[in-house]
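The values are calculated or read from the model by the stated rules, or taken from the named source; none is laboratory data. Everything numeric here is computed off the predicted structure, so don't read it as measured data. Virtual Cβ from ideal backbone geometry, glycine too; neighbours counted across all protein chains shown. Note: accessible area is taken over every heavy atom of the protein model, side chains too, but ligands, DNA and RNA are not part of it. Shrake-Rupley method; radii C 1.70, N 1.55, O 1.52, S 1.80 Å.
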Amino acid sequence: MKKITFIGAGSTIFAKNVLGDCMHVPALQQFEFALYDIDKQRLSESQTLLTHLKNNLNSTITIKAYDDRKEALRGASYVINAIQVGGYKPSTVIDFEIPKKYGLRQTIGDTIGIGGLFRSLRTIPVLLDIAQDIEEVAPNAWFLNYTNPMAVLTGTLSRYTNVQNVGLCHSVQVCTRDLFKHLGMDHTGIEEKIAGINHVAWLLEVKKDGQDLYPEIKRRAKEKNKEKHHDMVRFQLMERFGYYVTESSEHNAEYHPYFIKSAYPELIDDLNIPLDEYPRRCVSQIERWEQMKQDLVDNAQITHERSIEYGSRIIEAMETGETFMFGGNVLNIGGLIANLPDKACVEVPCVANRSGITPTYVGELPEQLAALNRTNINTQLLTIEAAITKKREHIYHAAMLDPHTSSELSLDDIVSLCDDLIEAHGNYLPEYR
């Protein structure tokens, strides 16, 4: 029996979406869905929900929860990763509260920035342990990574393990759909080309019936930015750099040095930037979980319609040979994006079929876009260097090169902040203490 293993299956809603999608695929009906999580209660809740879902969808898959990760992985054809190391408490709280003492504010803190850097350092050792298990008990498996920081984790796996992997994110697949809805434009029948790095990939082309839609997009966006709305940062980036970026304004506000600035506090209000947005979402989700648990886990009648997530469609393509195209995160081997470093993890159009996953060649980005990407890549590569070498100075280097951190703090303060974060994270970062 073939197996799909879900690591981090205690992420109940996400497991429902991805594995619920897989239950709709005829080619996967004889698979085992192997569930693993370090939180046994949440693992049990996910198993209960998925069992209800299986029964209601008349699926013939097998669902099994494991308390041993290696056994969950043994013989897997596909591994879906959705872990979060350190959780909201203590780690996310630490990532936000200690930088505040230095006057460094964040919105999401899961990609780069000081929060993304320390999330990477906590996660990479766990990811490498998982990869070692896969190499031993499931060497032919494909690893589908949904965990952030996407570029750092996918880049680490690709450079330092033998695990076949691709990074998957929601931002590419909803980019133009949400943009057109926000601007009141018709999304049907459009053609798009998107490439860059995760969360900072660029809508390079957008057409309908051969007509370039960018002039109309920019006209409407400029008009929209006369009043406050949720996407002001991205619209300003598009106005100044010429292209729309995939991930949200709250994310991009902290990927660049222009928006969250103590010397320009008015920008927070002017551009509607939600500081501390991710901790706020975490608290809300925790508070709502008991009600959500009743609606999901305790609901024996629960059902599911196939979502827009890439995961099930990639697996279906590899099982059936039917081609599926998607935006994936892969190593920039051979210069898929010619003016970004080969060591970078890039987000480019990919093709999935029975042969596996093949990224496509993009060529050069407009130079200003490549330059913006490289500012993020610098920190990503130094973060990987720190995690692999265990050298504390590379943590400093990564933070010093981060666009937002370096625009706000002095070199000495950056070193001091990193030291405080290493100490506060304690056993999550033992190698650096």
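The table that follows gives values for the structure above.
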read-out	value
Of residues in segment 32-53 being over 23 Å from the mean Cα position of the chain (by Cα) and without any contact (Cβ under 8 Å) to a residue 40 or more places away in the chain, the one most open to solvent (accessible area, probe 1.4 Å)	41
Pairs, first aromatic (Phe, Trp, Tyr) in segment 103-119, second open to solvent by less than 10 Å² (accessible area, probe 1.4 Å), C-beta under 7 Å, six or more apart	118/95; 118/421; 118/425
Index of the failed condition, residue 346 passing every other in (1) open to solvent by 20 Å² or more (accessible area, probe 1.4 Å); (2) in contact (Cβ under 8 Å) with a residue 40 or more places away in the chain; (3) assigned to a strand (DSSP E or B); (4) among the hydrophobic types (A, V, I, L, M, F, W, C)	(1)
Residue 392 being farther than 16 Å from residue 252 by Cα and among the basic types (Lys, Arg)	yes
Residue tally, condition of a type outside the set (A, V, I, L, M, F, W, C), open to solvent by less than 50 Å² (accessible area, probe 1.4 Å) and more than 18 Å from the chain's Cα centre (by Cα), over segment 100-130	1
Some residue of segment 357-367 being of a type in the set (A, V, I, L, M, F, W, C) and assigned to a strand (DSSP E or B)	yes
Residue, nearest to the chain's Cα centre (by Cα), within segment 391-424, restricted to residues that are outside any helix (DSSP H, G or I) and touching a residue at least 60 places away in the same chain (Cβ under 8 Å)	402
Scan of segment 1-31 for residues that are without any contact (Cβ under 8 Å) to a residue 40 or more places away in the chain and among the small types (Gly, Ala, Ser), ordered by number	10
Qualifying residue in segment 313-325 (condition: open to solvent by 30 Å² or more (accessible area, probe 1.4 Å), at pLDDT 95 or above and in contact with a Pro (Cβ under 8 Å, 6 or more places away or on another chain))	yes
Flag if residue 80 is surrounded by 17 or more Cβ atoms within 10 Å (Cβ to Cβ), among the aliphatic types (A, V, I, L, M) and over 25 Å from residue 373 (Cα atoms)	yes
Count of segment 271-298 residues which are within 20 Å of residue 41 (Cα to Cα), part of a loop (DSSP other than H, G, I, E, B) and open to solvent by less than 50 Å² (accessible area, probe 1.4 Å)	1
Residue, farthest from the chain's Cα centre (by Cα), within segment 189-210, restricted to residues that are of a type outside the set (A, V, I, L, M, F, W, C) and either open to solvent by less than 20 Å² (accessible area, probe 1.4 Å) or under 15 Å from residue 238 (Cα atoms) (or both)	205
Test: residue in segment 112-128 that is within 26 Å of residue 428 (Cβ to Cβ), modelled with pLDDT of 95 or more and assigned to a loop (DSSP other than H, G, I, E, B)	yes
Condition broken by residue 227, with the remaining ones in (1) assigned to a loop (DSSP other than H, G, I, E, B); (2) touching a residue at least 12 places away in the same chain (Cβ under 8 Å); (3) among the acidic types (Asp, Glu) satisfied	(2)
Residues within segment 15-31 that are small (Gly, Ala, Ser) and open to solvent by less than 40 Å² (accessible area, probe 1.4 Å), tallied	2
Sole residue being more than 19 Å from the chain's Cα centre (by Cα), open to solvent by 10 Å² or more (accessible area, probe 1.4 Å) and free of Cβ contacts under 8 Å to residues at least 24 places away in the same chain, chosen from 186, 133, 178	186
Sole exception among (1) under 18 Å from residue 430 (Cα atoms); (2) open to solvent by 20 Å² or more (accessible area, probe 1.4 Å); (3) acidic (Asp, Glu) for residue 97, by number	(1)
Count of residues meeting criterion [under 18 Å from the mean Cα position of the chain (by Cα) and assigned to a loop (DSSP other than H, G, I, E, B)] in segment 307-335	5
Residue identified as loosely packed, with under 15 Cβ neighbours inside 10 Å and in contact with a Leu (Cβ under 9 Å, 6 or more places away or on another chain) among 361, 396, 428	361
